[in-house]
Amino acid sequence: MLNIGPYEFSSRLLLGTGKYPDFETQKQAVDVSETEILTFSVRRMNIFEESQPNFLEKLDVEKYTLLPNTAGAKTAEEAVRTAKLAKASGLCDMVKVEVIGDQKTLLPDPVETLKASEELLKEGFIVLPYTSDDVLLAKRLEELGCHAIMPGASPIGSGQGIVNPLNLSFIIEQSEVPVIVDAGIGTPSDATIAMEMGADGVLLNTAVSAAKDPVKMAEAMKLAIMSGRLGYKAGRIPKKRYATASSPTEGMSIG
């Protein structure tokens, strides 16, 4: 089970809800993924405007835990305000803190992310900060009391997969709260590798929503994450420089 704060989940796939070609494709992808957590940008949703289209109307939201995120925020103050807006609308007390510091790379601002996370923790939120693969920053966020750490595998929407496996492995090794790999995953094999490294979960959006067939990709990601987790729990064999015979050599009648 994946435990985040007081919540417990069977699925380790967190699914974003943006960029789908239409609501029906989105719904089918969400259904087949068997995710239990849906994340979305509060700023890009008209949560207080009944006349505007809202994907929440197309889904049985009672089946999911909603994870509003503060995408679009450039400062801690903006992120905190956005999180409070989501909570006031009754969506959830869990929030993904996202404070972008550079519009070209969409990398998070470490200082503002720390500030926003600290303030939201004081306000009683369950805080999941999106961060870079900075090992020390991840540790500082955990020490603040964040309920999970969400390091990016590579820049948002890039599909480059895990570009710095060493740092990611350090973050996983040191963390006593869940590590959810967020951003940059492009293929099911990327997700599997993250899980084989010991990550507790993977958050996806573009890899599914922008795929040629989002529904099939959602199912592939679900299976990849399950496979990677099972492989991690099973324990891989050590890598060796030379070959090792797979059949026993003792008791052979010839040779």
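The values are calculated or read from the model by the stated rules, or taken from the named source; none is laboratory data. Keep in mind that what you see is a predicted model, and the values were worked out from it rather than measured. Here the Cβ positions follow ideal geometry from the backbone for every residue, glycine too, while neighbour counts run over all protein chains shown. Ligands, DNA and RNA are excluded from the accessible area calculation, which covers all protein heavy atoms including side chains. Shrake-Rupley method; radii C 1.70, N 1.55, O 1.52, S 1.80 Å.
Checking each residue in segment 7-44 for being open to solvent by 60 Å² or more (accessible area, probe 1.4 Å) and farther than 23 Å from Ala73 by Cβ picks out Tyr7, Glu8, Ser10, Pro21, Asp22, Phe23, Glu24, Lys27, Gln28, Asp31, Glu34. Considering segment 59-103, and only residues there that are at pLDDT below 75 and surrounded by 15 or more Cβ atoms within 10 Å (Cβ to Cβ), the residue that is nearest to the chain's Cα centre (by Cα) turns out to be Leu91.
Of all residues in segment 104-123, those that are more than 15 Å from Leu137 (Cα to Cα), open to solvent by 20 Å² or more (accessible area, probe 1.4 Å) and either in contact with a Gly (Cβ under 8 Å, 6 or more places away or on another chain) or part of a helix (DSSP H, G or I) (or both) total 4.
The selection criterion, being touching a residue at least 40 places away in the same chain (Cβ under 8 Å), of a type outside the set (D, E, K, R) and either within 20 Å of Glu34 (Cβ to Cβ) or open to solvent by less than 40 Å² (accessible area, probe 1.4 Å) (or both), holds for Ser209.
Filtered by the rule that a residue be open to solvent by 40 Å² or more (accessible area, probe 1.4 Å) and either on the phi > 0 side of the Ramachandran plot or in contact with a helix residue (DSSP H, G or I) (Cβ under 6 Å, 6 or more places away or on another chain) (or both), segment 140-156 gives a lone residue, Leu144.
Kindly provide the set of residues from segment 138-167 that are among the hydrophobic types (A, V, I, L, M, F, W, C) and touching a strand residue (DSSP E or B) at 6+ places or on another chain (Cβ under 6 Å), ordered by number. The answer is Ala138, Leu141, Cys146, Ala148, Ile149, Met150, Ala153. Would you check which residues across segment 1-47 are assigned to a strand (DSSP E or B), among the small types (Gly, Ala, Ser) and within 22 Å of Asp190 (Cα to Cα) and list them? Correct list: Gly16 only.
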